[in-house]
Amino acid sequence: MKVLFLGIGSEQLGISQLASIVKEAGHEIDLAFTASLFHDRFNLEIPWLNRFFDETNVIIKDIIEKKPDVIAFGALTATFQWSIKIIKEVKKHHPHIKTIFGGVHTSAVPEVCLSYDEVDYAVVGEGEQAILDILEDIQAGGRGLPINNTQYLDNNGQLVKGRQVGFHQELDEFPYPEKTIWEPYVNLRDNYLILASRGCPYTCTFCFNNFFARLPEGKRGKYVRHRSVAHVIGELKWAKERYKLKSVDFQDDVFTVDKQWLLEFCEVYQREIALPFNILVHAKYFDEEIAKALSDAGCKWIQMGIQSMDEDFKTNILQRREKSEQIILALELMKKYKLKVKVDQMLALPGEAIDAQEKALNLYKKYTPYRIQTFWTAFLPGTEMLFEAYKDGIVNDEELKRLNHGEDFYFFRNQDNIKNPELVRIYVNYEFIYRILPSMPRFIRERMTESSVAWIPRPIKNFLGQIIDVYAGFKDMNVEFSTYAIFYLKNIFKFYLRKIGYSNYRIAKVYANTPIPKVLYLNGKVVQLNESNTERKEEKSNVSSV
Ligand code: B12
Ligand code: SF4
């Protein structure tokens, strides 16, 4: 069958993984992608420029021409409505095309997704087995027995729910993600996205892990799982050769969660890959041995969620258990080992006292990170935080509906949940200080207070804050910034090429046309198998998985 995946704004690792699985099962795979410039659901939001560069209609036309059997999409709350618009148009021309939705938004509110007639299957939770089972079901004529991790409406409009099974335990059993489908659209060389593990030991009330970890019925298995070091290194070796990688971006929720794995990884990575890399950590999983190993291995940037400096609020309401001393220790160690840290700080958390911002500001004055990234609390569907906000009347019925349908969802700029304009004004002042603080000399930093910036008009604060933040990103050689800028430049170039009728320009340059190796897991080690490698083929009967 021809399975076409939809992509928007950036690579989606879930799609890369599913595409490789679907391909290995013998189906044809394809990707329709839009950069969605200036409305990338990531950072930049300039509506009039977005209208100018909008190419949703190009995608729709492309899909109508390609006429796939199946369209598959991994929905985030911010991208859900975009995908609905596409499938509505496509289905007008080809009503027989089946659509499969998965991803965190679908997993949070499957019944909302299925309320759109154009969505045929909603996958809840991990989708590797579910997508294969659905494709089989479609091939057999459709809507047979319930499918695990899947929901759909039968011919009478009745909801059929498959069992929610546990998490896949052996990540090495999956083939390497299919990166090649992104080559025409995404810059894979400058900042290569990869995951070495899945899951998080926490279930913070505002995060998707809050419900995702609890999806399975009965035995769920371990939620935090790692690929073997060899499996990760194998993928990076392949990618290094094919794209001449410049840096690697690990998107694991807490990269340091398994210390033994981490120390082994750092040693092998330094020897075999030796490229700068970025990670995300949690203060509770950070000590001197880890900091040193990361630094020796070439780690450059670390992202650490601090979110709130009110310890009680954090423990009782956010379900985050780290202590302020652990945060301070982590920041000190990062400084000692020259690991550039970018911290996440939340604004307008419901129920958090405003003096928590003052505590955070004092922390950042003393242990100044390279960047303080602010997030206005966004209520994600499926999370306890949204549930509580609804119960407390912070979110009303209409707002709940709009959130669950993914309408008007902004991650960075959401200020809707604070009804008091005076409070918004104070938060805006803190946001401005956080943005500029890392670029200020010490003597100014120490004198900065919320009231000292209150006189600056708000539009100037917004503009200046963004400019200084971007300046700091480039000055500190934050690879995310340069990659983002290059992505925009290349896509604008591509947009104009398309206007003059040329559409074959590829964004990722391929240096060595190495096919993605098949991976064998043999006696606890990963072995790579090429088609020509007959010796290894003979060993196939001894291996535990392919
Ligand atoms: C890497 C990452 C990014 C990267 C890559 C973008 C991407 N879309 O993956 C970058 C940095 C660009 C990014 C940006 C954003 N991100 Co982000 N990001 C992540 C992160 C850390 C990992 C995602 C991932 O690869 N997971 C691993 C894969 C294997 O899991 P998965 O995607 O869930 O896929 C599995 C299942 O969901 C399912 N599945 C997924 N898709 C499909 C499709 C089909 C057809 C099927 C059957 C199944 C299926 O099967 C997959 C395999 O088991 C997650 C947190 C997390 N740990 O998941 C946040 C996360 C996805 N991001 C989030 C958000 C909010 C964003 C932004 C909107 C925020 C922002 N403004 O920065 C933007 C959106 C950009 C965009 N256009 O997509 C939220 C989404 C919450 C929500 N309800 O929508 C998450 C969950 C973090 C959180 N706060 O809770 N992000
Ligand atoms: S520690 Fe981070 S990734 Fe883990 S549940 Fe909390 S916010 Fe989500």
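The values are calculated or read from the model by the stated rules, or taken from the named source; none is laboratory data. Since the structure is predicted, the reported quantities are computational estimates derived from the model, not experimental observations. Note: ideal-geometry Cβ built from the backbone for every residue, glycine included; neighbour counts use all protein chains shown.
Among helices (runs of 4 or more DSSP H) lying entirely in the range 34-111, which contain 1 or more residues that are touching a residue at least 12 places away in the same chain (Cβ under 8 Å) and among the acidic types (D, E)?
Details: elements: 47-53, 56-66, 80-93, 103-108.
Per the criteria, 56-66, 80-93.
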Close pairs from the range 1-30: first hydrophobic (A, V, I, L, M, F, W, C), partner within 8 Å of ligand 1 (Cβ to nearest atom) and in a helix (DSSP H, G or I), Cβ under 6 Å, at least 6 apart: F5/I15; L18/I131; I21/E128
Selection count where residues are free of Cβ contacts under 8 Å to residues at least 40 places away in the same chain, in a strand (DSSP E or B) and buried (at least 18 other Cβ atoms within 10 Å of the Cβ), scope the range 137-178: 3
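Please pick out the residue among E118, E24, E111, E128 that is closer than 23 Å to N149 by Cβ, near ligand 1 (Cβ under 9 Å from one of its atoms) and surrounded by fewer than 23 Cβ atoms within 10 Å (Cβ to Cβ). Before the answer, list the steps.
Values: E118 fails: near ligand 1 (Cβ under 9 Å from one of its atoms); E24 fails: near ligand 1 (Cβ under 9 Å from one of its atoms); E111 fails: near ligand 1 (Cβ under 9 Å from one of its atoms).
Every option except E128 fails the conditions.
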Matching option when the condition is buried (at least 19 other Cβ atoms within 10 Å of the Cβ) and not polar (S, T, N, Q), among R435, R458, R402, R447: R435
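Please work out if F375 is surrounded by fewer than 21 Cβ atoms within 10 Å (Cβ to Cβ) and under 23 Å from N43 (Cα atoms). Steps first, answer last, please.
Working: surrounded by fewer than 21 Cβ atoms within 10 Å (Cβ to Cβ): yes; under 23 Å from N43 (Cα atoms): yes.
The answer is yes for F375.
Right, I64: out of contact with any Leu (no Cβ under 9 Å at 6 or more places or on another chain), in the same structural domain as E128 (by TED's automatic domain parsing), away from ligand 1 (no atom under 16 Å from the Cβ) and modelled with pLDDT of 95 or more or not?
Numbers: out of contact with any Leu (no Cβ under 9 Å at 6 or more places or on another chain): yes; in the same structural domain as E128 (by TED's automatic domain parsing): yes; away from ligand 1 (no atom under 16 Å from the Cβ): yes; modelled with pLDDT of 95 or more: yes.
So I64 passes the test.
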So V343, is it within 30 Å of H39 (Cβ to Cβ), at pLDDT 95 or above and either outside the structural domain of K300 (by TED's automatic domain parsing) or within 16 Å of ligand 2 (Cβ to nearest atom) (or both): yes
Verdict on V229 being more than 16 Å from ligand 1 (Cβ to nearest atom) and aliphatic (A, V, I, L, M): yes
Residue ID - farthest from ligand 2 (Cβ to nearest atom), chosen from residues in the range 281-294 that are farther than 22 Å from K237 by Cα and aliphatic (A, V, I, L, M): A291
Some residue of the range 47-70 being under 30 Å from A213 (Cβ atoms) and surrounded by 17 or more Cβ atoms within 10 Å (Cβ to Cβ): yes
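Within the range 179-203, take every residue that is assigned to a loop (DSSP other than H, G, I, E, B) and more than 13 Å from ligand 1 (Cβ to nearest atom) and give me the one that is nearest to F33 (Cα to Cα). Spell out how you get there, then give the answer.
Residues of the range 179-203 that are assigned to a loop (DSSP other than H, G, I, E, B), as a first pass: 183-191, 195-196, 199-203.
Imposing the further condition that a residue be more than 13 Å from ligand 1 (Cβ to nearest atom) reduces the set to 183-184, 189-190.
Numbers: E183: 11, P184: 9, R189: 18, D190: 19 Å.
Ranking the candidates gives P184 first.
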Residue in the range 212-250 that is surrounded by the most Cβ atoms within 10 Å (Cβ to Cβ), counting only those that are free of Cβ contacts under 8 Å to residues at least 60 places away in the same chain, among the small types (G, A, S) and touching a Phe, Trp or Tyr at 6+ places or on another chain (Cβ under 8 Å): A213
Conditions (1) in contact with a helix residue (DSSP H, G or I) (Cβ under 7 Å, 6 or more places away or on another chain); (2) modelled with pLDDT of 95 or more: number failed by F53: (2)
Qualifying positions in the range 319-353 - among the aliphatic types (A, V, I, L, M), under 26 Å from the mean Cα position of the chain (by Cα) and closer than 24 Å to F432 by Cβ: I327, L331, V341, V343, M346, L347, A348, L349
